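See below for the structure under consideration.
The values are calculated or read from the model by the stated rules, or taken from the named source; none is laboratory data. Since the structure is predicted, the reported quantities are computational estimates derived from the model, not experimental observations. Cβ placement follows ideal geometry from the backbone for every residue including glycine, while neighbour counts extend to all protein chains displayed. Calculation scope for accessible area: heavy atoms of the full protein, side chains included, ligands and nucleic acids excluded. Shrake-Rupley method; radii C 1.70, N 1.55, O 1.52, S 1.80 Å.
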Amino acid sequence: MQTRSAAAAHATSLVHAVLLSEDLFTQALCPWLDADSKAALRGVSRHMRSLVDGSITRVASPGQGFVAADLTVALLAWPTVRDLTLLNVGSADALRPLSTASLAGLTSLTVREVQDLQAGALVMPAPSSSMAATLRVINISGCLNLRSIEFVGSCAQLRCLCMPKCIRVSDLSPLSACSETLEELWMADNNRITTLAPLKACTILRKLDLRGCFGPLHGQIEDLRQTCTQLADPQSVKREGLVHEMQTNMSTSTQAAAATALWTMMPFPEDLSEIQDAIAAAGAIPALVQLLGPESSADVRKIAANVLCALVYEHANNQVAIGSAGAIPALVRLLGPESSVGTQEAAADALSNLALHAQNKTTITTCGAIPALVKLLVPESSAGLQQAAANVLCNLSTSAQNQSDIAAAGAIPALVRLLGPESSADVQEAAAAALGVLAANHAQNQVAIVACTAAIPAMVRLLGPESSAGVQSAAGVAVGDLAFFQFHNQAACAGAISGLVRLLGPDSSPDVQVTAASTLRNLAFNHAQNKIAITAVGAIPSLVQLLGPASSPDVQTHAALALCILATGHARIRATISSAGAVTALLQLLGHESPAEMLEAAAFALRTLAGNHAPIPAAVTIVDAVPTLLQPLILEPDLLAEVKAAASWALRTLAANPARSSAAFTTAGDVPPLLQLALLQAPDLPADLQQAAIRAMKTLSAESAENKAANSGASTIASLVQLLGPGTSADVQAAAAHALRHVATTLV
């Protein structure tokens, strides 16, 4: 604990505010002082008090109210006060010292929710002339019996008058005295004011809040703009006013009403970004985070969590801002059993959106959210709460450590239970999605999920036509993640093949078709039995159909990849795919405007189909294929290196196929097209691309004297020599040397 002298020194430099109470100075509390310093401060001597007095700039009343004597002493003791806030005033008599105070430097006066308990009407005491000369901000919100604002007549410097819920005020004409300085007028819920005419003289008025006011007033705004040309948009003013009303020193009912109004302004989820930006810019985030605390009522905490959830929905900046503002620990606390179901759901939904940002994931797990979320997956929880908890776990499961921690907390069997028919479709989708992410690239979790005997049968059932597209997609992704590089799981998930092939059909959405194709690819990878099973139930015609122009590029890409995996290492399946028209469809994907991922997938699929001298249908000659493949390789220098490499390997394979035409590879100028490719030495061009091109050229030259002669010109030799230089890899240099040796045999 600090000594008194240490506390005194601390107070001398830091204390700028005091709270009015029975003992004014001993209750001088600063938010940046720790508990020990506050305790020590209570023992500071009278001498210390005199040292501090000169730095006091803000005086605020405590929550329990005060009396006139308190205010009198304060105003005499601290003449340097610039900001005077008087809350929970028990009687109008407590304000009377304002009439005689000589606070020449006072710029802000706040008197909220004054109730005169003895008299039926309250007349606001006018501030003294010395105070009025410097006052720039007056806040008299919630003074229900206030009838007149004549006291502003002497406030020639007044810039902001805040008077919401002063329901007996009917005349704005006193504002003419400050017409040249008034910039803001906040008068929500003042139904007795019927005209804005007195404001026409306030030419620099920027903000006018008319929420809940007499209806015809809103119709007068456009007329007012003729003279008050700087008036802000009413909606932006409304948002700012609601943020003010959510401050912790407002009543619970006011906070709840303001937070609810903000919530109703959110057009969730459509067209949300603009309102998200506007509400954040109005300063709502800190106010909402404060409302999550135990001081707020349960309803206020729930509403605040809902608004925060909407603010972070697909909004990265707000996700960071709200996470940095301290919302996460408060939201995690709201997951506990002491909160209502609605509050728990709101908190979990907000955490789900916050967890989409990497920095927030760490904070959420550090706060102990994982065990709390797993507890919410139990059958006793509401469907909304189960879904929200599963969504948070899903979004947290993007790191191996979180995947392990979530599994260790018992989430896997709980999520598998939620796949059952007793759960709603939304819960099933959330649970399947969470299981899929938990299984992704995590062998231990993959084994653990399959070990739950109900998991695979439940996922297979969810692939059925009775499920929604979202459920089908989530279940399909989960099966694909379970089967990824897991031979035993591939066999265990084979029961899903028929359902996945059915989802390739035209009745499925593009997202479901992508999921089905990619999951079939995972099930077929290096698994001969699954390849046969997939082919047997008619997957190949459906996949070839998805290569057509009616499909989206994403669907076409995943269909090509699935066909590539099915064809790998299985001659009969390759023949079946070729006979189904895949080559023609794949060549059509190699167009100039095709996405890079599609070009790469199509090139690899063509390479696989042409491998091991597989026959190419007569309807599509290799002469058709070569120029199409050369175009992205030679004429598109900005194409991704991965696409160039895939097409290069396809060319090499096609060059060795007896169905191809040599002329297509050798008639492209002095330097053969494949060697032109090898000379494209961009920084991102892999050496295996150059190597493959040289080897393909060599393969063609070895086939006939005509080809050898065509590939043995002076330009070809010079190009190969260039590839022997220090700027190329050893493998490329070796390939070029072999090609030169081959060319030399032609010249002997």
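Summary of computed values
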| read-out | value |
| --- | --- |
| Options Val514, Val460, Val501: the member that is under 24 Å from Leu563 (Cα atoms), over 33 Å from the mean Cα position of the chain (by Cα), of a type outside the set (Phe, Trp, Tyr) and open to solvent by 10 Å² or more (accessible area, probe 1.4 Å) | Val501 |
| Subset of region 299-319 (residues that are assigned to a helix (DSSP H, G or I) and either open to solvent by 50 Å² or more (accessible area, probe 1.4 Å) or of a type in the set (S, T, N, Q) (or both)) | Asp299, Lys302, Asn306, Ala316, Asn317, Asn318, Gln319 |
| Search result, residues across region 382-410 that are of a type in the set (S, T, N, Q) and not in a loop (DSSP other than H, G, I, E, B) | Gln386, Gln387, Asn391, Asn395, Gln401, Asn402, Gln403, Ser404 |
| Residue check, Asp349 of a type in the set (Asp, Glu) and within 18 Å of His442 (Cβ to Cβ) | no |
| Test for Ser508: is it free of Cβ contacts under 8 Å to residues at least 60 places away in the same chain and within 17 Å of Ala605 (Cβ to Cβ) | no |
| Which listed residue is over 28 Å from Ala603 (Cβ atoms) and in a helix (DSSP H, G or I), from Ala496, Ala516 | Ala496 |
| Gln588 vs. criteria touching a helix residue (DSSP H, G or I) at 6+ places or on another chain (Cβ under 9 Å), open to solvent by 30 Å² or more (accessible area, probe 1.4 Å), free of Cβ contacts under 8 Å to residues at least 40 places away in the same chain and among the polar types (S, T, N, Q) | no |
| Residue, modelled with the lowest pLDDT, within region 523-543, restricted to residues that are of a type in the set (S, T, N, Q) and open to solvent by 20 Å² or more (accessible area, probe 1.4 Å) | Asn526 |
| Residue count, region 345-381 (criterion: among the hydrophobic types (A, V, I, L, M, F, W, C) and part of a helix (DSSP H, G or I)) | 13 |
| Members of region 432-485 found to be aromatic (Phe, Trp, Tyr) and either on the phi > 0 side of the Ramachandran plot or in contact (Cβ under 8 Å) with a residue 60 or more places away in the chain (or both), listed by number | Phe485 |
| Residue pairs meeting the criteria (Cβ under 6 Å; at least 6 apart or on separate chains; first more than 24 Å from Ala431 (Cβ to Cβ), in region 358-374; second aliphatic (A, V, I, L, M) and at pLDDT 95 or above) | Thr363/Ile328 |
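For every residue, the table says whether it meets (1) in a helix (DSSP H, G or I); (2) open to solvent by less than 30 Å² (accessible area, probe 1.4 Å).
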residue: Asp171; (1), (2): no, no
residue: Ala177; (1), (2): yes, no
residue: Ala188; (1), (2): no, yes
residue: Thr194; (1), (2): no, no
residue: Ile204; (1), (2): no, no
residue: Leu208; (1), (2): no, yes
residue: Arg211; (1), (2): no, no
residue: Pro216; (1), (2): yes, no
residue: Gln226; (1), (2): no, no
